[in-house]
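The next block holds one structure in the form of structure tokens; read it before the comments.
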Amino acid sequence: MINVAVLGYGTVGSGVVEVIEKNKEEINKKSGESLNIKYILDLRDFPGDPYESKVVHDVEVIMNDPEVNVICETMGGIHPAYEFSKRALLLGKSVCTSNKELVANYGPELLRLARENKCNYLFEASVGGGIPIIRPINYSLTAEKIDGITGILNGTTNYILSKMALEGADFEDVLEEAQEKGYAERNPEADVEGYDACRKIAILSSLMTGKNVKYEDIYTEGITKITATDFIYAKALGRSIKLLAMSRECEDGSFYAMVAPFMIPMSHPLYSVTGVFNAVFVHGNMLGDSMYYGKGAGKLPTASAVVSDVVDCARHIGKTIMCFWDDEDVRQTKVDNIKHRFFVRTKADLEKAAIDIFGMMRVVVADVEGEYAFITEEMSEKEFEDKAEKLGCVLNRIRLEA
Ligand code: HSE
């Protein structure tokens, strides 16, 4: 029997209990063991809950019980999740988590502790919710040199951008509606500023490179400056605007990761990923492109991913599943050197100046008064910033992907 303790009986934690209960037969068969929820750690009591008797308030009860083999850390936040995870791993208890913040900050250390104590630190649910993406990168694409990952990794912003595209509405209005419907948090900063996607691409980039990609070094831009007018132009171009999180290993061996809104064409596989859905597009040097799509958030999809990790732990008791994510930090190319094409909006009376400064460009014609819009040739961020400064007025600029 595998005794499981769930830390945090919130949305994901209660989902973990529900998944284990509902799919008991399937899960036990696939684990080769029967899973037993032995404890649930939470500060609150849950009178009337079928698992009421499992609730404990003191983590020591769990740590001191040698029968507990697997811990599901579904608390979120860094503290005390970090201390609890570390403690559990030192005791040889495997930890399965949905906590992207903790994984992005302490992944290499917690993985090392798992190795040293012959247990596992697994985090399938930390990126893309229920979408299997960590496991494919870690175990399935092992014959590949992965050189590019492009993801829509945040459901809230994808929902907002999809609505803006569909309804021609402005960011603030859609955000308000999304908050009312519960699709966006009351404090939406982490989502709309791109911080959530940044943590997730840091994790995927670390697995892609096998080294540590620090999320603090990733250039991150959110969607708060995207307007209804931008979508008029996007439509005229047959493109959509998506918040992409990407990491690239360039031909010269340099590496970069970034999070920013991009205009992508209809032919791009991520174009039709709309609403709260997430998708991750992976490029390997032998396989070429592969894509992973599904629900990137929500109680049961996320819990399903946590439980899939519990099953993996049950199958590997006393053994650590290999995961290549070293302590060594990856040196990222400075954002100044990264090259893209840019869609640019300026005032109509700056047309001549824009042509003089940017040279070769493609004019974008749309039903917008008083503006001149164009697409630049491929250029570095630094070159673009210099030219934009010379022009003196850029109403908005959005990078192009493909
Ligand atoms: N806030 C996240 C999102 C939840 O909107 O995708 C999952 O990490």
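The values are calculated or read from the model by the stated rules, or taken from the named source; none is laboratory data. Values in this document were obtained by computation on a predicted structure and should not be read as measured data. Here the Cβ positions follow ideal geometry from the backbone for every residue, glycine too, while neighbour counts run over all protein chains shown. Accessible surface areas use protein heavy atoms only, side chains included; no ligands, DNA or RNA. Shrake-Rupley method; radii C 1.70, N 1.55, O 1.52, S 1.80 Å.
For the chain, treating each Cα as an identical point scatterer without solvent, what Debye log10 I(q)/I(0) comes out at q = 0.07, 0.09 1/Å?
The Cα Debye sum returns log10 ratios of -0.36, -0.58.
To the nearest 10 Å², what's Ser31's accessible area with a 1.4 Å probe?
Only protein atoms counted, so the area is about 10 Å².
Any idea what the dipole of the range 246-391 comes to, in debye rounded to 20, about its Cα centre with Lys/Arg Cβ at +1 and Asp/Glu Cβ at -1?
580
Summing Lys, Arg as +1 and Asp, Glu as -1, what charge do residues with Cβ under 10 Å from the Cβ of Ala348 carry, Ala348 excluded?
-3
Under 11 Å from the Cβ of Glu377, count the other residues' Cβ atoms, weight Lys and Arg +1, Asp and Glu -1, and hand me the total.
+2
Tell me whether the range 29-97 comes out rounded, prolate or oblate; compute the Cα gyration tensor, take square roots of the eigenvalues as a ≥ b ≥ c, and use a/c under 1.5 as the rounded threshold.
oblate
What base-10 log of the normalised intensity I(q)/I(0) is obtained for the range 167-305 from the Debye formula, alpha carbons as equal point scatterers, at q = 0.15, 0.16 Å⁻¹?
Relative scattering, expressed as log10 I(q)/I(0), comes to -0.88, -1.00.
Among Arg186, Arg341, what's the order by accessible area (1.4 angstrom probe), most exposed first?
Correct descending sequence by accessible area is Arg186, Arg341.
Please compute the length gained on full extension between Lys29 and Glu116, using 0.36 nm multiplied by the number of residues separating them and subtracting their Cα-Cα distance.
So the chain would gain 28.4 nm between Lys29 and Glu116.
Answer rounded, prolate or oblate for the range 261-395, using the Cα gyration tensor with square roots of eigenvalues a ≥ b ≥ c: rounded when a/c is under 1.5, else prolate when a/b is larger than b/c, else oblate.
Prolate.
FRET efficiency for Val363 and Tyr271, Cβ-Cβ distance as r, R0 = 25 Å, nearest 0.05?
0.65
Distance between the C-alpha centers of the range 233-261 and the range 1-51? Whole Å please.
39
Checking the a/c ratio against 1.5 first, then a/b against b/c, what shape does the Cα gyration tensor give for the range 349-402?
It is oblate, given that a/c is not under 1.5 and a/b is not larger than b/c.
Once the principal axes of the Cα atoms of the range 3-121 are found, what is the range along each, listed largest first in whole angstroms?
38, 33, 26
Antiparallel versus total DSSP beta bridges in the chain: what percent is that, nearest 5?
For the chain, the DSSP antiparallel bridge percentage is about 65.
Mind checking the full-extension length gain between Glu378 and Thr320? Use 0.36 nm per residue of separation minus the Cα-Cα distance, one decimal, nm.
16.4 nm
Report the label-to-label distance for Lys390 and Glu351 in nanometres (one decimal), using points 7 Å from each Cα along the Cα→Cβ vector.
2.1
Please compute the net charge surrounding Val282, taking Lys and Arg as +1 and Asp and Glu as -1 over other residues with Cβ under 11 Å from its Cβ.
It works out to a net charge of -3.
Which order do Cys323, Cys250 take when ranked by solvent-accessible area (1.4 Å probe, heavy atoms of all protein chains), largest first?
So, going from the largest accessible area down, we get Cys250, Cys323.
Roughly what % of DSSP beta bridges within the range 153-278 run antiparallel, to the nearest 5?
In the range 153-278, approximately 85 percent of DSSP beta bridges are antiparallel ones.
Considering only protein heavy atoms, what per residue accessible area in square angstrom results for the chain with a 1.4 angstrom probe?
44
Can I get the semi-axes of the range 88-192's equivalent ellipsoid? Compute them from the C-alpha gyration tensor as square roots of 5 times the eigenvalues, in angstrom, largest first.
35, 18, 10
Rank Ala353, Cys72, Tyr215 by how far each Cα sits towards the positive end of the charge dipole of the chain (+1 on Lys, Arg Cβ; -1 on Asp, Glu Cβ) and give me just the farthest.
My answer, from the dipole projection, is Cys72.
Calculate, for Asp336 and Glu251, the FRET efficiency according to 1/(1 + (r/R0)^6) with r their C-beta to C-beta distance and R0 22 Å; round to the nearest 0.05.
0.75
Holding the Cα-Cα limit at 26 Å, pick out from Lys22/Lys118; Lys242/Lys334; Lys29/Lys145 the pairs that are longer than that.
Lys22/Lys118; Lys29/Lys145
Nothing charged except the Cβ atoms of Lys and Arg (+1) and of Asp and Glu (-1): what's the magnitude of the dipole of the chain about its Cα centre? Round to the nearest 20 debye.
1000
For the chain, which whole-number percentage of the solvent-accessible area (1.4 Å probe, protein heavy atoms only) is attributable to carbon and sulfur atoms?
49
Charges at C-beta only: +1 for Lys and Arg, -1 for Asp and Glu. How large is the resulting dipole of the range 44-118 about its Cα centre, in Debye rounded to 20?
Roughly 400 debye, rounded to the nearest 20.
Heavy atoms only, probe 1.4 angstrom, no DNA, RNA or ligands counted: give me Phe46, Phe324, Phe374 ranked by accessible area, highest first.
Output order, biggest surface exposure first: Phe324, Phe46, Phe374.
Give the calculated FRET efficiency between His79 and Asp170 to the nearest 0.05, with a Förster radius of 41 Å applied to their Cβ-Cβ distance.
For His79 and Asp170, the calculated efficiency is 0.65.
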